[in-house]
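Read the structure below first, then the notes.
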Amino acid sequence: MNICEQCGYYLKISSSDRIELSVDPGTWDPMDDGMVSLDPIEFHSEEEPYKDRIYSYQKKTGLTEAVQTGTGQLNGIPVAIGVMDFQFMGGSMGSVVGEKITRLIEYATNKPLPLILVCASGGARMQEGMNLFLLFHKMQLDLLCMSWRSEYIWIEFIAGSRKTSNFCWAFILFLGSLGFLLVGISSYLDKNLISFFPSQQIIFFPQGIVMSFYGIAGLFISSYLWCTITWNVGSGYDRFDRKEGIVCIFRWGFPGKNRRIFLRFLMKDIQSIRIEVKEGIYARRVLYMEIRGLGDVPLTRTDENLTPREIEQKAAELAYFLRVPIENASWGQSKVNVYVAAII
């Protein structure tokens, strides 16, 4: 069992041994076993080229990559399982490792199947450059958006502020505000601080002051966005347990007294599901749950940008699961009723 008989120390265990211990005999079915890493940025070190290093680890471990993914049965229950192997380049995550895990998550979500991930990673595989970090974000979104449903339980994970759009806006605002601030300081010092970008010198009053103000304001907004991303504000989960008759809603807020926002109430107090739609330049579509004594509780973020079809389908499926009506929809009430009737 990979345990020292004298000191009780746990020894290393390979991914193949882990799979053999985890799933029922004869039920393991690997997925994407033929995917192998390439050399997207043609990384070459003084010791050994990246391609040669991959080949040597493949020959040493008998694996194609640092993770094995597939399906099997655990005590007769079908599951999707992914096991990382530290013996393959320290379990480092390259683009193939991330893609295999992402496909496993999507497969488990679509079936749906319980998902088991055994992590033994030494970090990111820097030989593949920035392409890997884009895949990290994709994998995280797939995990956050993965919902688990059964006859009696509905669990839906809510993505927070760690979105591609927020990363882009925070980065763009930081660079732009830094440029404005440098121009303002340059006018005050009467010296061009951005030497690589030739520009005409401006006077400090009033142009330089205005540029400095814009720069400082932009830095504050950028810092706010980076803080929400770091704290992942708005993320959490919704859990509806029809067997116990309990609903739990959890969200991460800003640090402080309300960092953890947790609501727990009885399912019998749910009166209806409501869709609020506002069209126009600042269009928004929000799904609410009306609770007796609490009022409307939002289930989706105002910036989630769901399509009309998606929010209709989500409202109809949730209303059917909770056995409550859809009321006060701002639009498409007849279509929603037809959809619920089709489900029933």
Do we find that Tyr224 is out of contact with any Pro (no Cβ under 7 Å at 6 or more places or on another chain), over 30 Å from Leu175 (Cβ atoms) and among the aromatic types (Phe, Trp, Tyr) in this structure? no
Return a yes/no flag: does the range 189-198 have any residue that is farther than 30 Å from Glu290 by Cα and either touching a residue at least 24 places away in the same chain (Cβ under 8 Å) or touching a Pro at 6+ places or on another chain (Cβ under 8 Å) (or both). yes
Taking the range 232-262 and the residues there that are assigned to a strand (DSSP E or B) and of a type in the set (Val, Ile, Thr), the one that is farthest from Thr302 (Cα to Cα) would be Ile246
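Across the range 266-291, what is the total count of residues that are of a type in the set (Gly, Ala, Ser) and part of a loop (DSSP other than H, G, I, E, B)?
Residues in the range 266-291 being of a type in the set (Gly, Ala, Ser) and part of a loop (DSSP other than H, G, I, E, B): 2 in total.
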Would you tally the residues in the range 47-91 being assigned to a loop (DSSP other than H, G, I, E, B), within 30 Å of the chain's Cα centre (by Cα) and closer than 18 Å to Asp32 by Cβ? 6
Checking the condition without any contact (Cβ under 8 Å) to a residue 60 or more places away in the chain, of a type in the set (Gly, Ala, Ser) and touching a Phe, Trp or Tyr at 6+ places or on another chain (Cβ under 9 Å), which residue from Ser186, Ser222 passes? Ser222
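Any idea which residue in the range 276-291 is modelled with the lowest pLDDT, counting only those that are surrounded by 11 or more Cβ atoms within 10 Å (Cβ to Cβ) and more than 26 Å from the chain's Cα centre (by Cα)? Let's see the steps before the verdict.
Start the filter on the range 276-291 by keeping residues that are surrounded by 11 or more Cβ atoms within 10 Å (Cβ to Cβ), which leaves 276-279, 284-291.
Then drop every residue that is not more than 26 Å from the chain's Cα centre (by Cα), which leaves 278-279, 290-291.
Numbers: Lys278: 78, Glu279: 75, Glu290: 92, Ile291: 91.
For the range 276-291, the residue satisfying everything is Glu279.
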Could you list, in sequence order, the residues of the range 77-122 that are on the phi > 0 side of the Ramachandran plot, touching a helix residue (DSSP H, G or I) at 6+ places or on another chain (Cβ under 8 Å) and small (Gly, Ala, Ser)? none
Going by what's in this entry, would Asp303 be described as under 18 Å from Ala159 (Cα atoms) and either in contact with a His (Cβ under 7 Å, 6 or more places away or on another chain) or buried (at least 16 other Cβ atoms within 10 Å of the Cβ) (or both)? no
Checking the conditions here, which among Thr302, Thr307 is among the β-branched types (Val, Ile, Thr), within 25 Å of Ser165 (Cβ to Cβ) and touching a Lys or Arg at 6+ places or on another chain (Cβ under 6 Å)? Thr302
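Which one is surrounded by the fewest Cβ atoms within 10 Å (Cβ to Cβ), of the residues in the range 18-34 that are of a type in the set (Asp, Glu) and either at pLDDT below 90 or touching a strand residue (DSSP E or B) at 6+ places or on another chain (Cβ under 9 Å) (or both)?
Asp29
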Where a residue in the range 4-29 is closer than 26 Å to Gln73 by Cα and its partner, wherever it lies, is surrounded by fewer than 10 Cβ atoms within 10 Å (Cβ to Cβ), with Cβ under 6 Å and at least six apart: none
Anything in the range 90-121 that is within 21 Å of Lys60 (Cα to Cα) and either touching a Pro at 6+ places or on another chain (Cβ under 7 Å) or among the polar types (S, T, N, Q) (or both)? List them, or say none. Ser92, Ser95, Ser121
Could you tell me whether Cys248 is surrounded by fewer than 17 Cβ atoms within 10 Å (Cβ to Cβ), modelled with pLDDT of 90 or more and in contact with a strand residue (DSSP E or B) (Cβ under 8 Å, 6 or more places away or on another chain)? yes
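The values are calculated or read from the model by the stated rules, or taken from the named source; none is laboratory data. What you see is a predicted model; the values in this text were computed from it and never measured. Backbone-built Cβ (ideal geometry, glycine too); neighbour counts: all protein chains shown.
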